[in-house]
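Just below is one structure, and these are the notes that go with it.
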Amino acid sequence: MANETNNFQELISHCKEYGYIFQSSELYDGLAAVYDYGQMGSQLKKNIRDYWWKSMTQLQENIVGIDAAIFMHPTVWKASGHVDSFSDPMIDNKDSNKRYRVDHLIEEYAETLDTQARDSLIATMEKLLAADDMVGVKQLIDENKIKCSVSKTSNWTEVRQFNLMFDTQIGSIAGESDKIYLRPETAQGIFVNFLNVQKTGRMKIPFGIAQTGKAFRNEIVARQFIFRMREFEQMEMQFFIRPGTQKQWYDYWKEERLKWHESLGIPASKLRFHDHVKLAHYADAALDIEFEFPFGFKELEGIHSRTDYDLTRHATFSKKKIQYFDNELNEEGKPFGNYTPYVIETSVGLDRLFLTIMSLAYTEEKWLKEDGSDDSRVVLKIPAMIAPTKLAILPLVKKDGLPEIAKELMNECKGSFMCFYEEKDAIGKRYRRMDAIGTPFCVTIDHQTKEDNTVTIRYRDDMRQERILLKDVKKLVLEKLI
RNA sequence: GCGGAAGUAGCUCAUUUGGUAGAGCGGUAGCCUUCCAAGCUUCAGGUGGCCGGUUCGAGCCCGGUCUUCCGCUCCA
């Protein structure tokens with residue numbers, strides 16, 4: 001095509017206009033950083049999820065899937081480290097508008113004091129933080145006249161606790177003991193089920209457990225459309241391995257996952273690895289697979305070498321033994337024996353992958369018609385394999401028996417893939433509508449169909465048309481969906 | 001969370017000092033039967049984001065609030 005453009009703002013509008021994504025509760029002016037998937041979007045999202053699920057379970061002989069609940073025992077999040085490290089007390093300076101983590105602010109100030117005063121201050125701070133005494137922490141800042149490094153003033157807001165986990169109550173009596181969290185990651189559902197799956201599935205290491213599902217984070221700033229939402233869906237797999245082999249498996253999954261993204265039609269030039277410099281508390285290696293979004297290279301999937309951190313922590317907190325007996329023989333001819341498996345995690349953001357697919361698919365095309373006038377279209381070049389609607393069935397006119405033939409074809413195909421029937425408006429207009437929602441194939445039944453049982457199939461991406469036998473339509477579409 | 005900007009029909013936008021809110025596209029129903037949106041006719045969409053204030057009168061002025069965008073901050 002002569003002219004193609006790709007614009008993020010246009011994409012967002014398009015997603016709404018054609019039923020892909022709506023803002024949550026839009027009727028009530030919306031809810032920040034929460035979005036709903038519409039009639040087209042939910043199907044595309046499902047198709048992406050299904051593709052992932054198939055490639056991670058059905059096509060893998062040593063990976064099985066589970067579906068753990070969102071609600072989990074509160075101690076899970078103590079064991080995982082989220083209760084302690086997922087919340088930060090913050091304070092803002094009203095003059096410079098600079099925000100500080102309170103502990104960092106006080107520690108920085110403490111560095112300027114002599115040893116004795118410093119240790120005393122830090123100890124006081126830690127005591128107050130441990131007791132969640134935010135008023136006391138604020139007093140401590142005031143008493144020490146700690147100043148902002150930018151504005152040099154002590155004009156502070158109150159200390160506020162930003163816990164990234166949402167909580168709610170379970171049971172009929174509200175109280176601290178009933179507080180449960182909405183999971184901030186799906187991974188823990190797999191770790192706490194490690195023994196269940198390993199034993200009932202008679203799994204042998206190395207093996208993996210896959211899962212897709214919602215997770216929730218109370219992000220302070222959530223932006224960039226569905227890139228960072230408060231409620232989002234993860235597709236992740238935890239791969240359990242023998243200690244010492246983590247480097248090898250980390251490298252294996254890193255390459256496998258990159259290849260997988262490329263299999264979805266994502267160009268290699270728009271994907272890259274980004275190694276984490278600062279590692280999370282549980283990891284001994286971590287990287288992101290980044291995609292070049294319209295707003296820059298950002299994380300699409302994380303690959304983490306989580307060591308035995310999670311299983312060990314759950315063993316400690318639950319006071320249960322979480323180990324695996326490895327019957328395979330080592331170099332000395334003896335079984336590897338009992339150990340706590342190491343874990344390689346692959347975790348994709350389904351919503352981010354959705355955004356990736358859409359930002360690649362969204363295309364505005366302009367060209368000159370034969371008579372010299374302008375023509376244009378907006379087309380979603382979603383890979384046929386995951387497109388929400390696969391085939392549009394269009395009688396050229398709505399009389400002369402053409403709709404009857406079309407409906408017969410509809411009945412033949414709709415059991416095998418998503419079809420769309422439309423008999424209104426000029427054929428060109430209908431093609432444009434199908435372009436806009438990303439339907440890869442359109443079949444038009446015309447008067448010639450009645451004579452020789454052929455139809456026109458029209459391809460979305462290049463608008464090419466060819467004449468095929470009516471009876472071959474279903475087979476041809478099915479072939480193109482692989 | 002802070003600062004800046006914005007919010008009028010599904011979309012893109014008008015409404016020149018405050019005086020009854022319009023158009024194009026899109027949608028609907030029909031005509032026409034045409035293989036790439038373009039003809040004709042019909043109809044339906046807005047308490048001007050929401051709440052309050054000033055005023056005889058507010059889409060327009062003021063305050064608050066919600067949402068979005070940009071920058072900062074944050075993102076175990």
**Asked** Got a number for residues in the stretch A:204-239 being over 23 Å from A:ARG49 (Cβ atoms) and not basic (Lys, Arg)?
**Response** 5
**Request:** Please indicate, with yes or no, whether at least one residue in the stretch A:247-259 is within 16 Å of RNA strand B (Cβ to nearest atom) and under 24 Å from A:LYS381 (Cα atoms).
**Result:** no
**Asked** Can you find a residue in the stretch A:255-276 that is at pLDDT below 95, out of contact with any Ser or Thr (no Cβ under 9 Å at 6 or more places or on another chain) and farther than 30 Å from A:TYR362 by Cβ?
**Response** yes
**Message:** Could you go through the stretch A:438-449 and let me know if any residue there is in contact (Cβ under 8 Å) with a residue 60 or more places away in the chain, more than 8 Å from RNA strand B (Cβ to nearest atom) and not assigned by TED's automatic domain parsing to the domain that holds A:HIS14.
**Reply:** yes
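Results for (1) β-branched (Val, Ile, Thr); (2) within 23 Å of the chain's Cα centre (by Cα), shown as yes or no for each residue.
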site: A:ILE289; (1), (2): yes, yes
site: A:PHE297; (1), (2): no, yes
site: A:LEU300; (1), (2): no, yes
site: A:HIS304; (1), (2): no, yes
site: A:ASP308; (1), (2): no, no
site: A:PHE317; (1), (2): no, no
site: A:ILE322; (1), (2): yes, no
site: A:ASN330; (1), (2): no, no
site: A:GLU345; (1), (2): no, yes
**Selected residue [within 24 Å of A:ILE66 (Cα to Cα) and of a type in the set (Gly, Ala, Ser)] from A:ALA268, A:ALA280, A:ALA210, A:ALA285** = A:ALA210
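Of all the residues that make up the stretch A:450-469, how many are surrounded by fewer than 17 Cβ atoms within 10 Å (Cβ to Cβ), touching a residue at least 12 places away in the same chain (Cβ under 8 Å) and either more than 14 Å from A:LYS381 (Cα to Cα) or not acidic (Asp, Glu) (or both)?
Qualifying residue count, the stretch A:450-469: 7.
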**Message:** Can you pull out every residue in the stretch A:292-307 that is surrounded by fewer than 20 Cβ atoms within 10 Å (Cβ to Cβ) and either among the charged types (D, E, K, R) or without any contact (Cβ under 8 Å) to a residue 24 or more places away in the chain (or both)?
**Reply:** A:GLU292, A:GLY296, A:LYS298, A:GLU299
**Request:** Select from the stretch A:353-382 the residues that are of a type in the set (Ser, Thr, Tyr) and more than 10 Å from RNA strand B (Cβ to nearest atom) and write down the one among them that is farthest from A:MET235 (Cα to Cα).
**Result:** A:THR363
**Prompt:** Are there any strands (runs of 3 or more DSSP E) wholly within the stretch A:8-65 with 1 or more residues that are aliphatic (A, V, I, L, M), and if so which?
**Reply:** A:21-23, A:63-65
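Those residues that are among the β-branched types (Val, Ile, Thr) and near RNA strand B (Cβ under 7 Å from one of its atoms), I need them from the stretch A:450-482; list them, please. Show your work before the answer.
As a first pass, look at the stretch A:450-482 and keep what is among the β-branched types (Val, Ile, Thr): A:454-457, A:468, A:473, A:477, A:482.
Once the filter is applied, which keeps residues that are among the β-branched types (Val, Ile, Thr) and near RNA strand B (Cβ under 7 Å from one of its atoms), the stretch A:450-482 yields A:VAL455, A:THR456.
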**Complete:** Counting only residues in the stretch A:313-372 that are small (Gly, Ala, Ser) and touching a residue at least 40 places away in the same chain (Cβ under 8 Å), the one surrounded by the fewest Cβ atoms within 10 Å (Cβ to Cβ) is identified as A:SER318
**Asked** Can you find even one residue in the stretch A:210-231 that is at pLDDT 90 or above, of a type in the set (Gly, Ala, Ser) and assigned to a helix (DSSP H, G or I)?
**Response** no
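Residue-by-condition table, conditions (1) surrounded by 15 or more Cβ atoms within 10 Å (Cβ to Cβ); (2) over 17 Å from the mean Cα position of the chain (by Cα); (3) in the same structural domain as A:ILE63 (by TED's automatic domain parsing); (4) not in a strand (DSSP E or B):
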site	(1), (2), (3), (4)
A:LYS199	no, yes, yes, yes
A:GLY208	yes, yes, yes, no
A:PHE239	yes, yes, yes, no
A:ARG257	yes, no, yes, yes
**Complete:** When the stretch A:415-431 is checked residue by residue, the ones that are surrounded by 14 or more Cβ atoms within 10 Å (Cβ to Cβ) and of a type in the set (A, V, I, L, M, F, W, C) are A:PHE417, A:MET418, A:CYS419, A:PHE420, A:ILE427
**Request:** Can you work out which of the residues in the stretch A:73-99 that are within 15 Å of RNA strand B (Cβ to nearest atom) and part of a loop (DSSP other than H, G, I, E, B) is modelled with the highest pLDDT?
**Result:** A:SER80
**Asked** Can you tell me which residues in the stretch A:346-367 are in contact with a Gly (Cβ under 7 Å, 6 or more places away or on another chain) and not in a helix (DSSP H, G or I)?
**Response** A:SER347
**Prompt:** On the given criteria, is A:GLY189 at pLDDT 95 or above and either within 16 Å of RNA strand B (Cβ to nearest atom) or among the hydrophobic types (A, V, I, L, M, F, W, C) (or both)?
**Reply:** yes
**Asked** touching a Ser or Thr at 6+ places or on another chain (Cβ under 9 Å), β-branched (Val, Ile, Thr) and under 30 Å from A:GLU290 (Cα atoms): does that describe A:THR356?
**Response** no
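Report whether or not A:ALA33 is within 30 Å of A:PHE317 (Cα to Cα) and either in contact (Cβ under 8 Å) with a residue 24 or more places away in the chain or surrounded by fewer than 16 Cβ atoms within 10 Å (Cβ to Cβ) (or both).
No; evaluated as a whole, the condition is false for this residue.
The values are calculated or read from the model by the stated rules, or taken from the named source; none is laboratory data. Since the model is a prediction, treat every value here as computed from it, not as a measurement. Note: ideal-geometry Cβ built from the backbone for every residue, glycine included; neighbour counts use all protein chains shown.
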